[in-house]
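A short worksheet on the structure shown next.
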Amino acid sequence: QIETHSNATHIRVVNILYQFTRFNSNTIDMINHVQNHAEITYLKLIWLKQQKADMLRWMASYADAEKEIAEIQNIVRNPQNSIPAEECQHMKGECSYLLADNARIQNKYPQATDFYSKSQILFQTIESKPGQAKCLDRLGEIYKMQGKYNEAVQVLSNARDLYKAIGDQRGDAFC
């Protein structure tokens, strides 16, 4: 039945199913189908690969998630793909963030800290307050888990300020 629907329909279904971890394996199958059989833009391909990497991480397929992230990085680095510079910078930040999450969930805190810091700097260069806030938030979590409470307070305070600046009440409350 997958073959009978349009690519736009597949992408809408992926967007819906992504919210439900119970369907991760089915969603990954659909992403693979769209990637292999569809004419889609690089930005849609990157988005699909990000979703797939996130699902693979939650399924504890860390190496496979890292492969997807590496593929995204290759797409972003290729100047022939005509992706706008700011979008490239944003994607680089997202890739570092995904790699950080992958390391964090495996308790590789030094590696995760490096990736979150790198991601935060990339988001800062394009003035993405949401990106900066989520990186600082995760860095604060790691510092708390490591018992580095002074660093955690400082970083989480900065994240909270950013969440407030963008009107993210949920992020503000959790910091």
Quiz item: List, please: which pairs have Cβ atoms under 7 Å, are six or more places apart or on different chains, and start with a residue in the range 1-27 that is modelled with pLDDT under 70 and end with one that is open to solvent by 50 Å² or more (accessible area, probe 1.4 Å) and assigned to a helix (DSSP H, G or I)?
Solution: none
Practice problem: Any residue in the range 75-97 that's on the phi > 0 side of the Ramachandran plot: show its pairings with residues that are part of a helix (DSSP H, G or I) and surrounded by fewer than 20 Cβ atoms within 10 Å (Cβ to Cβ) at Cβ separation under 8 Å, as long as the two are six or more apart or on different chains. | Solution: S82/Y42
Exercise. Starting from residues that are assigned to a helix (DSSP H, G or I) and in contact (Cβ under 8 Å) with a residue 24 or more places away in the chain, keep the ones in the range 142-159 and report whichever is nearest to Q111 (Cα to Cα).
Key: I142
Practice problem: Could you tell me which residue of the range 123-156 is most open to solvent (accessible area, probe 1.4 Å), considering only residues that are within 13 Å of the chain's Cα centre (by Cα) and of a type outside the set (K, R)? | Solution: P130
Quiz item: Among the residues of the range 99-115, which ones are in a helix (DSSP H, G or I) and either open to solvent by 20 Å² or more (accessible area, probe 1.4 Å) or in contact with a Phe, Trp or Tyr (Cβ under 7 Å, 6 or more places away or on another chain) (or both)?
Solution: L99, A100, N102, A103, R104, I105, Y109, P110, Q111, T113, D114, F115
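The values are calculated or read from the model by the stated rules, or taken from the named source; none is laboratory data. Source: prediction; values computed, not measured. Virtual Cβ from ideal backbone geometry, glycine too; neighbours counted across all protein chains shown. Ligands, DNA and RNA are excluded from the accessible area calculation, which covers all protein heavy atoms including side chains. Shrake-Rupley method; radii C 1.70, N 1.55, O 1.52, S 1.80 Å.
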